[in-house]
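Peer 1: Take this structure, written in structure tokens, and hold onto it; I'll ask about it next.
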Amino acid sequence: MKRKLIILIAFVGMFFTVNAQKSAVYAPDGIALNGYDAVAFFTQGKPVKGSSDYSFKWNDANWLFSSKADLESFKGSPEKYAPQYGGYCAYGTAEGHKAPTQADTWTIVDDKLYFNYNKKVKELWSKNRSALIDSANKNWVLLKDKE
């Protein structure tokens, strides 16, 4: 009985992990970027938490913003501000899989926003960024709608 319970718990955990990464946008609980304002990375140069007062549904995810101005900027050009690879880890995408990210791992390269799994992965990604971006761009075509 105990073994069956452990197997069931493992299966349920795998189901939620896969389901969380099915979306083309990394959006835990339906909120893109863990609730951070995508525009603020470009305009303020740092992670800024968004507010449900300024939200916008785009690409099957709710995007939150810290101001009406950021909300309007995003609405006018979401592709300009939305992170590459749906906000999934750029290094992971280069390696052929979707991985969650943290706001403090952000980077803007050629006016495009990227995130990584954690700071250590960001360090690895930064050492060979151009080649990894090329690889991730190719992989994302196959990964974006894949579980």
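Peer 1: I'd like to know if the stretch 92-110 contains one or more residues that are assigned to a strand (DSSP E or B), of a type outside the set (S, T, N, Q) and farther than 21 Å from residue 30 by Cα.
Peer 2: yes
Peer 1: Looking at this structure, is residue 117 crowded, with 17+ Cβ neighbours inside 10 Å and not in a loop (DSSP other than H, G, I, E, B)?
Peer 2: no
Peer 1: I'd like to check something: does the stretch 68-87 contain any residue that is in a helix (DSSP H, G or I), small (Gly, Ala, Ser), at pLDDT 95 or above and open to solvent by 60 Å² or more (accessible area, probe 1.4 Å)?
Peer 2: Looking through the stretch 68-87, at least one residue is in a helix (DSSP H, G or I), small (Gly, Ala, Ser), at pLDDT 95 or above and open to solvent by 60 Å² or more (accessible area, probe 1.4 Å).
Peer 1: Can you name the residue in the stretch 138-147 that is in contact with a helix residue (DSSP H, G or I) (Cβ under 8 Å, 6 or more places away or on another chain) and assigned to a helix (DSSP H, G or I) and, of all such residues, is modelled with the lowest pLDDT?
Peer 2: Looking at residues that are in contact with a helix residue (DSSP H, G or I) (Cβ under 8 Å, 6 or more places away or on another chain) and assigned to a helix (DSSP H, G or I), I get 143.
Peer 1: Consider only pairs whose beta carbons are under 6 Å apart and that are at least six residues apart or on different chains; among these, list those whose first residue lies in the stretch 57-77 and is in contact (Cβ under 8 Å) with a residue 60 or more places away in the chain and whose second residue is open to solvent by 30 Å² or more (accessible area, probe 1.4 Å) and outside any strand (DSSP E or B).
Peer 2: none
Peer 1: Still on this structure, please answer the following. Could you tell me which of the residues 131, 40 is open to solvent by less than 40 Å² (accessible area, probe 1.4 Å), of a type in the set (Gly, Ala, Ser) and either out of contact with any Leu (no Cβ under 9 Å at 6 or more places or on another chain) or not in a strand (DSSP E or B) (or both)?
Peer 2: Answer to the selection: 40.
The values are calculated or read from the model by the stated rules, or taken from the named source; none is laboratory data. This one's a predicted model, so the numbers in the text were calculated from it and none came from an experiment. A quick note on method: Cβ atoms are made from the backbone with ideal geometry, for glycine too, and the neighbour counts reach across all protein chains shown. Ligands, DNA and RNA are stripped out before the accessible areas are found, and what is left, the full protein with its side chains, is counted by its heavy atoms. Shrake-Rupley method; radii C 1.70, N 1.55, O 1.52, S 1.80 Å.
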